[in-house]
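All remarks here apply to the structure that follows.
The values are calculated or read from the model by the stated rules, or taken from the named source; none is laboratory data. Owing to the predicted nature of the structure, the values given are computational and were not obtained by experimental measurement. Note: ideal-geometry Cβ built from the backbone for every residue, glycine included; neighbour counts use all protein chains shown.
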Amino acid sequence: MKKLFITLTLVLVLPVLSNGWGFFAHKTIAQVAVYALPGSMQAFYFRHLNEIVKMSIAADERREADPAEAPRHFIDMDHFGDDPFGDMPKAWDDAAARYTADTLRKYGTVPWTVLEVKEKLTEAFRQRDTTAIIALSADLCHYISDAHVPLHTTMNYDGQLSGQAGMHSLWESKLPERHIAKYKLDSKPAKYIKDPQAAIWAVVQESYGFLGATFDLEEAVTRNFTPETKYTFSHRYGKTRRSYSDAFADAYHDKVGGMVAYRLKQAPTAVASMWLTAWQDAGKPDLNVLMSRKPGKEEKAKLAAELKLWDKNELVPQNMLLALQKEKVVEKADEINSADQMPAAPAEAAPAIAPASAVVPASEPVITPAAPEKVKTKVKTEAGNVKQKAKAKKTDDGW
Ligand SMILES: [Zn+2]
């Protein structure tokens, strides 16, 4: 009987750990970003919606093959002292002069990566290079989304330095996957960004401001759990893996869900705004010219219907959120054949959605980011030893 119970437990737990689930938030942000675009760009992006959503996780997939890729997804601001945002020069050259380029690459480069990809996208618009526009838009979406996640701004990125290991995928994967039905995805429309450097640094700083609550509330919720109820254990490839239980995730979500929903709602606006800025900086090329066939009646009606569902916050109940759908064959893009150059994404199961018991008001954060100077990442010791961070093992299967 015990054996049967263990088997059943494994069957139930393993799907939760399947790789594809962590990409949920990235795909959601990419889809909503297309809806947040102005009409002058939207038809083109909508034509390529499935590709952009699919490729929004390509940057994470590249990490497997390219060790230089990982630092592009985060920046450990707490490495740079008590007033990191005051001390850190915002421009790459100045920051590299102060800390060395090697140090910056070691502790993460996400804000500069965003600016670099934005420049490449601007150039792709100038060249009218559809394949590059799609791929770079997807990458830009990815990096901007990562910058919205508090745990992408700290050395304690998984709670591993404070006895809270496992927080990374809890925050950025498990919480949004279980509670997306409660979120309002009504992101604001894209706007031209006059100073992209200041804008992306503001995103990073706000993420950093959320760190205190991210860690403290985990600790507060833990008081109502025992180790047995807080975690679940699974065994795979001869290893036992510990992760947060559903019950803990839901109790934690009651505390920080507003923050998760808030970041998930802000990211698409930031992404669409950066796409718009690249396009405008390139001289606003006519994107209709890049489509071999003009959008027909059906395609226009489909976009209008999706925008309406988005506006009414019905993407999830109407099963129109692509991140929740099973992997679809990418529709053949009309004028490009970039699909065969795309990395194949692993097939993934759609995450289960918890029933919406209460709507999280995503319009305002339940928790506001703390002033950056007050934020400090707690470094606790376990049995007197500070756990060493293992950069090489850093995994990011979510935002
Ligand atoms: Zn990433």
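On the stretch given as the range 167-184, residues that are closer than 13 Å to Thr28 by Cα and of a type in the set (Phe, Trp, Tyr) total 1. Here the condition is being away from the ligand (no atom under 16 Å from the Cβ) and modelled with pLDDT of 95 or more; of Thr103, Thr109, Thr154, it holds for Thr103 alone.
Looking for whichever is free of Cβ contacts under 8 Å to residues at least 24 places away in the same chain, touching a helix residue (DSSP H, G or I) at 6+ places or on another chain (Cβ under 9 Å) and assigned to a loop (DSSP other than H, G, I, E, B) here; the options are Lys188, Lys194. Which one fits? The unique qualifying residue is Lys194.
Taking Thr130, is it away from the ligand (no atom under 16 Å from the Cβ) and either surrounded by 19 or more Cβ atoms within 10 Å (Cβ to Cβ) or at pLDDT below 95 (or both)? Even if it seems obvious, please write down each step before you answer.
Working: away from the ligand (no atom under 16 Å from the Cβ): yes; either surrounded by 19 or more Cβ atoms within 10 Å (Cβ to Cβ) or at pLDDT below 95 (or both): yes.
So Thr130 fits the description; yes.
Just a yes or no: is a residue in the range 47-66 farther than 30 Å from Glu314 by Cα, buried (at least 23 other Cβ atoms within 10 Å of the Cβ) and over 16 Å from the mean Cα position of the chain (by Cα)? No, every residue in the range 47-66 fails to be farther than 30 Å from Glu314 by Cα, buried (at least 23 other Cβ atoms within 10 Å of the Cβ) and over 16 Å from the mean Cα position of the chain (by Cα). Restricting the search to the range 215-237, which residues are part of a helix (DSSP H, G or I), within 18 Å of Ser169 (Cβ to Cβ) and not charged (D, E, K, R)? Result: Phe215, Leu217, Val221, Thr222.
Does Pro227 satisfy being in contact (Cβ under 8 Å) with a residue 60 or more places away in the chain and either farther than 16 Å from Ala261 by Cα or polar (S, T, N, Q) (or both)? Spell out the reasoning first.
On the way: in contact (Cβ under 8 Å) with a residue 60 or more places away in the chain: no; either farther than 16 Å from Ala261 by Cα or polar (S, T, N, Q) (or both): yes.
Taking the combined requirement at face value, the residue does not satisfy it.
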